[in-house]
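The values are calculated or read from the model by the stated rules, or taken from the named source; none is laboratory data. Values in this document were obtained by computation on a predicted structure and should not be read as measured data. Cβ sites come from the backbone with ideal geometry, for glycine too, and all protein chains shown count toward neighbours.
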Amino acid sequence: MAAISRTNRLKHRAEDTLRASHYARTDQFAVAKQLEGLQEKFQVLNRDELAGGLRTRVDELNEHRCSWFPEILSLLVQLSDRPAQFSSLDKIEKPKPVETEKPLTWTDLDVSGSAYSGDDIWENVDFADESSEDEVSLVFSVDSSPRIRPDSSVPTDEDYVIPDTMLSSGEDENLITSINSAQFWKPANNVEILKHEPSSRLITELQMLKETIFMLQGLPTSVFRRLGENIEVDRRYTLSHLSNEALSSVLCSFSVIGAKIDVLRRFSQVPQSIPYMQTFHRRIEDFLREFDKALSDTQARYLSQKPTVSVSLLQLLDDVRRESRLLSMLSDIVSGIKSDTDKPAQCLDMLYGLVCMAQATGDDSEFRFLADLFLACFETYARPIRLWVERGRLDSREGNFFVRDNGKDGNPRTLWHDWYTLDESALKNTPKFLQPVAHKIFATGKNMVFLQHLNVLPENLEDIKRTSLTFDDIFPESSPSSVSLPFSVLLETAFEKVVDANHSVTSNILRKELDEQCGLWISLQALENIYLCSDMSIFSAIDTKIFELIDRGRGWNDRFLLTELAQTAFSIAPFIEPTGLIVRSKILSNTTPKTDTRSVNILQSISFDYVLPWPVANIITKDSISTYQRISAFLMQIRRAKYAIIKYRLQSPRSPTMRGAKPNKLAYSIRHNMLWFLNTLYNHITELVISTTTKSMRKSLALAKDVDAMIAIHSEYLESLASQCLLSSNSKRIYETVVAILDDCVRFADIQSAHVTPSPSAARRGNQVVDEKDELDDSDSDVDLDSPNANTRTQTQPANLLNPSTYDETLKSLKSHFTTHISSIGASLKEAGRVNGNRSWEVLGEKLELGNGWKGRGI
């Protein structure tokens, strides 16, 4: 009993567990789908026997439905392991083939074949004379009992010929006759053949009109034949009421028009790659569609055969000429287009000329039509221009034009000059009306690129106007007088007006950013102090240190020392960033003669570099900085000569052998004249040249309209400074002579140093100076400013400075050399000033001649 009760408890627990199961029943539709998929898999793998066996078993199973079949089938499918490979058909009973019922034959009915042999049941039945359609329908009715015929008597489809009476009736004979008669190109259908011209074919004027319309629509015809790009007339076709000569003339006019239309049709079938040519291509298709519609309307009017419609070739010719006039002009343009990729704008130029010609002829309708076509093509052509002007972008997908992207190197300091260039070769192939404003288009796009790199927000550019033009923009209704003006003038004026407006807006914003945010004027002030020495209180400390190091002969070109010195000196200027100031120097070779180190030319190996903000660096280029450095070096050379003379001032000798000697008046005179020359030259350059030119430059720069104008003004300013400072190519000889005088000033200081304080070091410096008793006397008699060694010929001659007689003779030679050079410089400056129109040279020449004259008389 205990065992039975335990069994019952386990049974109830199992039933409760099954009833409370959280798993749902198997989806019978999913199982059926899996079985169908398995059958398709067998068929794909070429196991049709497996597919057929599975289908048969499933069908048999469906006849004995059970609620647990889906679970059973699902379990079997999940337990299967690659049934297509491992299934065996040996134990599967193959389905028996279904026996088809054998068809009944005539032999089965009559083995001997003698039945009905006497009847004419195999004759063809003629239903044409039957009494009514009802009886005929009864014969062919599907409800009628089929007649059994032997297989051997049934004709094949190939042998059976449909009788003519089955295909035609008496009512259609007239229609067929009219259709046959309309085929006039068949010789048998000609109603009349001229006896004197057996080859002629006479047709009606309506037939000729149809053939002409078909030819104009691009269809093949019999009267007109296409030979290459021409259309020839078949002269065999004639009209009864018109002579052959007159008909030939009319048809030739049609053929000329048709040939031009065919040019456009062939053009419309060729795909175009140039964007604006695609627009032109689409418009040609529209024009051809309208022309074909007009021809179809004309053809429909003639086919209507209304009494009011007259069939006339001349009337058709007049209508076709009127409808095809515009197409004929466009055909000339298409014929003139060459497949030359180097001239992508030739179609636009030709269309532009056609518009101007249409206006000149006074045909307003054609002019308006062609102008709209031209402006539509120009709108597409100007798409990359609009993208460049309005957004500062170049996109090759929109097409290319005369602005070339050189590839951004990541250095914004060269943005304006190097990132983009104006392609001159592409500019030559630009439409003529765009060439006058090409530079403004180029500059406007660069303004946009510049502003984008300055992070100027787009809302600041709300005044940018679109560069697209419409007919109303060129011929505004508010200005009726503009209709009388040429289209070319109005188009160039309208487009230039739009470009000028955009250029003015972007330029004003950019100039404002350069002035207020980028520190243009502060940078110019810094350059004036660093290179043009506008504040000598800062530069005096730098000069003193450099000149002292040169006199000592060591460490004077140490760039680290000089950079620290310059940064310390300029740190007091609030508009100069000391960390941006760098001094660079060239390392002199060990083979450089010692005499060259005493020349002022060694100062050219020192250059100051100042790092400008990148927007300002686009205005003040590297070439401009190089010119600044040349002017700065020249000014330092003058200060070097003056420093040497002032440092070794004239005083009584302190050596025992020269004690009691009187001061040398000649030395005082030479020192005085040299200081006068140095002061005159330096003051002329700084006070007259630099000050006046800089003030004029600042005034012009404040009125500049765009960045290009600012760059041009600053470049002209530096070019003028270099020219007036004798640093141009046409004043090279004068500059070399001035440098020779500066070297004489340094040499005079060395002579005085050795003469007054004959220390070993001074003696060493004195041995570098000239014994000029012979050579200077010879050279002073004939000073040649054209000589390339005019500035160095006094640097290679030894002298004994401790000998009083030699000292006096050297001073005399130096004085003669100095006086001759001053006279030559004054005369050369006056002559060059008159030739070149440089007034400052004439002023300096007059000062030197005047001062040299009265001071020379006082010596």
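Asp706 meets all of the listed conditions (1) crowded, with 20+ Cβ neighbours inside 10 Å; (2) within 30 Å of Lys815 (Cβ to Cβ); (3) at pLDDT below 90 but one, namely (2).
Give Leu354, Leu375, Leu415 a once-over and let me know the one that is at pLDDT 85 or above, surrounded by 16 or more Cβ atoms within 10 Å (Cβ to Cβ), of a type outside the set (Lys, Arg) and not assigned by TED's automatic domain parsing to the domain that holds Leu490. One residue alone meets the criteria, Leu354.
Criterion applied to Ser249, Ser253 was being in a helix (DSSP H, G or I) and touching a helix residue (DSSP H, G or I) at 6+ places or on another chain (Cβ under 9 Å), and the one residue passing it is Ser253. If the condition is being surrounded by fewer than 16 Cβ atoms within 10 Å (Cβ to Cβ) and either under 23 Å from Thr430 (Cβ atoms) or among the polar types (S, T, N, Q) (or both), then the stretch 357-368 contributes Met357, Thr361, Ser365.
Among the residues of the stretch 388-402, write down those that are aliphatic (A, V, I, L, M) and at pLDDT below 85. Matches in the stretch 388-402: Leu394 only.
Residues in the stretch 514-570 that are more than 22 Å from Ile602 (Cα to Cα), free of Cβ contacts under 8 Å to residues at least 40 places away in the same chain and out of contact with any helix residue (DSSP H, G or I) (no Cβ under 8 Å at 6 or more places or on another chain): Glu516, Ser537.
Tell me whether the stretch 250-259 contains one or more residues that are touching a Phe, Trp or Tyr at 6+ places or on another chain (Cβ under 8 Å) and at pLDDT below 85.
Keep residues of the stretch 250-259 that are touching a Phe, Trp or Tyr at 6+ places or on another chain (Cβ under 8 Å), which gives 251, 254-255, 258.
Within this subset, residues satisfying the condition of being at pLDDT below 85 are none.
No.
Inspection of the stretch 194-209 finds a residue satisfying the criterion of being at pLDDT below 85, more than 23 Å from Asp292 (Cβ to Cβ) and small (Gly, Ala, Ser). Of all residues in the stretch 281-298, those that are surrounded by 13 or more Cβ atoms within 10 Å (Cβ to Cβ) have Cβ atoms under 6 Å from Cβ atoms of residues that are small (Gly, Ala, Ser), 6 or more apart or on another chain, in Ile284/Ser268; Glu285/Ser268. On inspection, Phe378 does not qualify as within 22 Å of Ser268 (Cβ to Cβ), free of Cβ contacts under 8 Å to residues at least 40 places away in the same chain and aromatic (Phe, Trp, Tyr). The set of residues from the stretch 389-404 being at negative phi and either touching a residue at least 60 places away in the same chain (Cβ under 8 Å) or surrounded by fewer than 14 Cβ atoms within 10 Å (Cβ to Cβ) (or both) comprises Val389, Glu390, Asp395, Ser396, Arg397, Glu398. Do you know which of the residues in the stretch 485-534 that are of a type in the set (S, T, N, Q) and under 30 Å from Ala573 (Cβ atoms) is surrounded by the most Cβ atoms within 10 Å (Cβ to Cβ)? Going through the qualifying residues, I end up with Ser523. The criterion of at least 1 residues that are under 15 Å from the mean Cα position of the chain (by Cα) and within 23 Å of Ile711 (Cβ to Cβ) is met, among helices (runs of 4 or more DSSP H) falling completely within the stretch 342-461, by 383-391, 424-428, 438-453. All of Arg839, Arg834, Arg857 fail the test of being at pLDDT below 80, touching a Gly at 6+ places or on another chain (Cβ under 8 Å) and surrounded by fewer than 18 Cβ atoms within 10 Å (Cβ to Cβ), apart from Arg839.
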